[in-house]
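Peer 1: For reference, the structure I am asking about is given below.
Coordinate-derived values only; no laboratory data. Being a predicted model, the structure only gives us computed values, none of them experimental. Glycine gets a Cβ as well: all are built from the backbone with ideal geometry, and neighbour counts include every protein chain shown.
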């Protein structure tokens with residue numbers, strides 16, 4: 001073994017520990033970078049029969065070399081975090097929609113539909129007290145108009161919410177496609193880098209981050225291949241493979257059930273026109289909102305409107321106006337737009353036609369107005385039905401919110417577990433930094449020691465006895 | 001579990017956000033005085049509150065109905081009292097007319113007085129509430145009895161709703177108070193026909209008819225008294241409903257308050273403790289944030 005071999009060994013130490021310090025610096029500066037996974041230099045003692053660093057020839061020397069830079073990432077935890085986050089995104093999107101529906105329908109606030117209905121019934125009672133007073137009749141018609149507009153505003157707002165969610169479906173699918181494109185592009189780059197035997201860790205981090213984002217929008221499954229590329233599937237259909245992305249599209253079809261509400265059905269299909277089952281992520285939330293949550297609520301309000309019209313008209317038809325006219329309708333549903341409640345043409349702007357009297361009784365009879373007012377507290381009356389509907393919706397929102405909160409908490413926990421494996425701890429890095437620094441210093445001291453040793457040999461050899 | 005800086009930062013943000021949200025919720029409770037403002041926060045109690053709100057709105061309306069009923073009843077009561085006075089005066093006049101010392105001129109004066117009593121009775125019978133003749137049933141008639149004493153009303157009954165299942169009759173029909181027209185036997189006809197007949201008899205010094213007339217006045221007076229009694233009973237029913245409603249409103253409101261309102265003392269204490277815990281969280285976070293190995297390295 002050459003005398004210079006010690007120098008050589010010391011140099012491998014300098015080299016390896018400087019590399020460690022480089023990587024530690026990278027970890028420290030990326031402490032807050034989203035998606036960054038901490039890296040670690042794996043050192044190993046040089047095989048004594050390996051090739052020398054400087055000479056290129058086989059030396060029988062030792063030393064240290066960095067074998068690889070590993071990315072501290074627990075694939076199972078990362079995947080679990082994605083699945084949980086995906087679920088949480090779907091539930092929270094649904095809850096958001098339900099909460100908006102609750103705001104639209106209202107209930108406890110001043111001037112809600114509930115209050116408006118009560119005012120209508122009370123106006124009928126006021127009319128009963130003065131059937132000959134046109135002002136009272138006008139009052140009834142005004143209250144009725146308020147109720148009609150109130151219900152119509154609710155259905156119109158629900159329709160608006162539905163079209164917002166339709167737009168959200170398109171936007172989200174667009175986002176899925178954009179993310180798939182970026183993942184595919186990174187995949188090609190990673191493959192290229194791996195072929196040159198470099199460490200594509202930052203690219204892997206970027207891709208991981210994109211896949212996590214994708215998981216938030218749609219239920220994806222990720223298969224990491226040996227060659228460093230990934231296969232991303234949605235419902236078993238590839239959307240990224242071999243560095244290429246397959247775009248999804250939104251299909252709008254008519255549906256007999258939804259069609260009766262004036263809605264279309266939305267589905268997500270791939271290039272070969274196969275419909276995909278979307279069950280988590282923001283996209284699932286938006287699809288569920290357009291397909292189920294919003295149409296169901298709209299149907300509920302439509303049924304309230306129909307019921308109010310039927311019950312009031314059934315009574316009102318048997319009444320007589322101040323002008324003696326009978327058989328008049330009071331409310332009507334617009335035949336062209338289901339969900340639009342109107343004051344019927346029979347009475348609109350004709351207060352004298354509002355029936356306060358029962359047909360056949362005296363002109364100033366008030367029994368019909370009183371019967372109509374009594375709908376207020378009928379257990380099957382329109383107000384009771386409205387309260388029931390408010391209660392149902394509130395329970396739905398409540399359940400959904402609880403589920404969403406639970407899913408969000410689970411997602412956060414899973415994310416933290418994944419982070420605890422892959423995240424940077426500054427204290428840890430600082431300790432590492434000190435160790436690396438000490439090792440570097442020691443290696444440097446080694447060089448000095450060997451140098452002094454050589455100097456002794458060079459300058460002092462052969463002077464024995466002088 | 002490794003503790004990483006990113007995790008710590010996330011957790012601390014969550015803790016601070018959570019304690020801030022908790023404090024905001026407590027503050028909202030104190031400011032609004034309500035435990036919940038959206039139905040979804042408490043679906044079951046929310047529907048209870050809605051039902052109670054509706055009941056209160058209805059009771060409010062029943063109060064208005066009762067006030068209107070009371071107006072009718074009080075007006076009817078006054079009209080009947082005045083009718084009764086007029087009838088009593090007519091009775092006195094009829095009795096006076098039996099005095100044999102009276103001459104024709106005096107009898108004519110008494111007859112004129114009885115005429116005018118009849119007219120006053122008709123005015124009482126045509127009493128109106130907001131332009132509506134209260135003794136004309138449900139007919140759209142300006143007067144219950146016209147100048148000839150003919151009843152222009154119908155046999156409809158005016159009612160007011162005092163509660164969901166309780167109505168009260170607030171009108172008495174003209175004929176049951178003032179008699180039904182009977183041209184063949186005017187003494188048994190309307191009170192106006194009867195008084196006209198008596199007046200004519202007084203003027204003609206027809207003592208037999210006057211004595212029969214006095215019997216008829218008794219009958220009419222009984223009829224009026226009966227009507228007054230009924231009005232009194234109706235009035236009591238309305239008052240009873242009013243009292244009951246007053247009690248019920250208090251009870252329903254107390255119930256709503258129990259469900260929905262926060263105990264203000266409790267809420268304020270809750271808010272103070274939420275504030276304290278928020279301050280503690282902030283302080284702990286700021287302390288912990290500065291704890292790092294860096295502080296101890298030279």
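Peer 1: Could you please tell me the mean projected area of the C-alpha convex hull for the stretch B:126-165, averaged over all directions and given in square nanometres to one decimal?
Peer 2: Working: hull surface 13.2 nm².
That works out to 3.3 nm².
Peer 1: Compute the distance from the alpha-carbon center of the stretch B:39-110 to that of the stretch B:248-296, in whole Å.
Peer 2: 58 Å
Peer 1: A follow-up question, please. Beyond 18 Å, what percent of the Cα pairs of the stretch A:142-230 remain? Present the calculation step by step, with values, prior to reporting the outcome.
Peer 2: Numbers: 2361 of 3916 pairs.
The proportion of pairs with Cα distances above 18 Å equals 60 percent.
Peer 1: More than 19 angstrom separation, counting every C-alpha pair in the stretch B:1-86; what % is that? Please list the in-between numbers first.
Peer 2: Details: 2598 of 3655 pairs.
Tail of P(r) above 19 Å: 71 percent of Cα pairs.
Peer 1: Another one. Quickly estimate the mean residue ellipticity at 222 nm for the protein assembly as shown, helices only: each DSSP H run with n ≥ 4 gives -39500 (n - 2.57), and the total goes over all residues, rounded to 500.
Peer 2: Numbers: 18 runs with 473 residues, N = 764.
Value at 222 nm, helices only: -22000 deg cm²/dmol.
Peer 1: List the relative contact order of the stretch A:149-301 as a percent without decimals, with contacts defined as Cα pairs under 8 Å and 6+ residues apart.
Peer 2: On the way: 224 pairs, mean separation 42.7, N = 153.
RCO, the stretch A:149-301: 28 percent.
Peer 1: Need one word for chain B: rounded, prolate or oblate. Basis is the Cα gyration tensor (sqrt eigenvalues a ≥ b ≥ c); a/c below 1.5 gives rounded, then a/b vs b/c decides. Please list the in-between numbers first.
Peer 2: On the way: a/c = 6.67, a/b = 5.35, b/c = 1.25.
Here chain B falls in the prolate category.
Peer 1: Sticking with this structure for a sec: Quantify how strongly other chains surround peptide B:31-44 by giving the mean number of their Cβ atoms within 10 Å of each of its Cβ atoms. Could you put the intermediate results ahead of the total?
Peer 2: Values: counts 0, 0, 0, 1, 0, 2, 3, 10, 16, 18, 5, 3, 11, 4.
Average per residue, whole number: 5.
Peer 1: Further, regarding this structure: For chain B, find the longest principal axis of its Cα atoms and tell me its angle to the long axis of helix B:104-125, 0 to 90°, nearest 10.
Peer 2: Between the helix axis and the principal axis of chain B, the angle is about 20 degrees.
Peer 1: Now for a separate question. What whole-number distance in Å separates the alpha-carbon centres of the stretch A:307-369 and the stretch A:62-136?
Peer 2: 38 Å
Peer 1: Which of the peptides A:163-174, A:24-35, A:417-428 is most tightly packed, and how do the rest follow, judged by the mean count of other Cβ atoms within 10 Å per residue? Working shown, then result.
Peer 2: On the way: A:163-174: 17.9, A:24-35: 15.9, A:417-428: 20.4.
In decreasing order of mean packing, A:163-174, A:24-35, A:417-428 become A:417-428, A:163-174, A:24-35.
Peer 1: When a footprinting reagent is the concern and you count Cβ atoms within 10 Å, what order do B:187, B:71 take, fewest first? The partial results should precede the final answer.
Peer 2: Working: B:187 19, B:71 16.
Ranked by crowding around the Cβ, least crowded first: B:71, B:187.
Peer 1: Quote the relative contact order of the stretch B:108-266 in percent (integer), defining contacts as alpha-carbon pairs under 8 Å separated by 6+ residues. Present the calculation step by step, with values, prior to reporting the outcome.
Peer 2: Working: 201 pairs, mean separation 29.0, N = 159.
Answer for the stretch B:108-266 is 18 percent.
Peer 1: Just to be sure I understand: if I project the alpha-carbon convex hull of the protein assembly as shown onto a plane and average over all orientations, what area do I get in nm²? Mind showing how you got there, number by number?
Peer 2: On the way: hull surface 197.7 nm².
Reported value for the Cα convex hull: 49.4 nm².
Peer 1: I need the Debye-formula profile for the stretch A:260-393: one equal scatterer per C-alpha, no solvent, reported as log10 I(q)/I(0) at q = 0.13 1/Å, two decimals.
Peer 2: Evaluating at q = 0.13 Å⁻¹ gives log10 I(q)/I(0) of -0.68.
Peer 1: Considering every residue in A:97-108, what mean count of other chain Cβ atoms within 10 Å of its Cβ is obtained?
Peer 2: Details: counts 0, 1, 2, 0, 1, 3, 2, 0, 1, 2, 10, 13.
Mean shielding count: 3.
Peer 1: Sort largest first and round to whole Å: the equivalent ellipsoid semi-axes of the stretch B:202-288, each the square root of five times a Cα gyration tensor eigenvalue. Can you show the working numbers first?
Peer 2: Details: eigenvalues 1306, 17, 6 Å².
Values for the stretch B:202-288, descending: 81, 9, 5 Å.
Peer 1: Mean projection of the alpha-carbon convex hull of the stretch A:211-306 over all orientations, in nm²? Before the final figure, lay out the partial values.
Peer 2: On the way: hull surface 27.8 nm².
Taking a quarter of the hull surface, the average projection is 6.9 nm².
Peer 1: Taking chain A as the reference, fit the longest principal axis to its C-alpha atoms, fit the long axis of helix A:4-29 to the helix C-alpha atoms, and give the angle between the two in degrees, 0 to 90, nearest 10.
Peer 2: In chain A, helix A:4-29 runs at an angle near 10 degrees to the longest axis.
Peer 1: How big is D for the stretch A:142-192, in µm² s⁻¹ as a whole number, if Stokes-Einstein is applied with the Kirkwood radius of its Cα pairs at 37 °C and 0.692 mPa s?
Peer 2: Details: Rh = 14.3 Å.
Result for D is 230 µm²/s.
Peer 1: Same structure again: Classify the stretch A:257-304 as rounded, prolate or oblate from the Cα gyration tensor: take a ≥ b ≥ c as the square roots of its eigenvalues, call it rounded if a/c is under 1.5, otherwise prolate when a/b beats b/c and oblate if not.
Peer 2: Numbers: a/c = 4.36, a/b = 1.88, b/c = 2.32.
Oblate, since a/c reaches 1.5 and b/c is not below a/b.
Peer 1: Now for a different question. May I ask for the angle, rounded to the nearest 10°, between helix B:5-32 and the longest principal axis of chain B, with both axes built from Cα atoms and the value confined to 0 to 90°?
Peer 2: 20 degrees
Peer 1: Further, regarding this structure: Shielding of A:412-420 by partners, i.e. mean partner chain Cβ atoms within 10 Å per residue?
Peer 2: Details: counts 3, 0, 0, 3, 8, 3, 1, 9, 6.
Neighbouring Cβ atoms belonging to other protein chains average 4 per residue here.
Peer 1: Gaussian network model of chain B, Cα springs within a sub-10 Å range: biggest mean-square fluctuation belongs to which of B:123, B:197, B:148?
Peer 2: B:148
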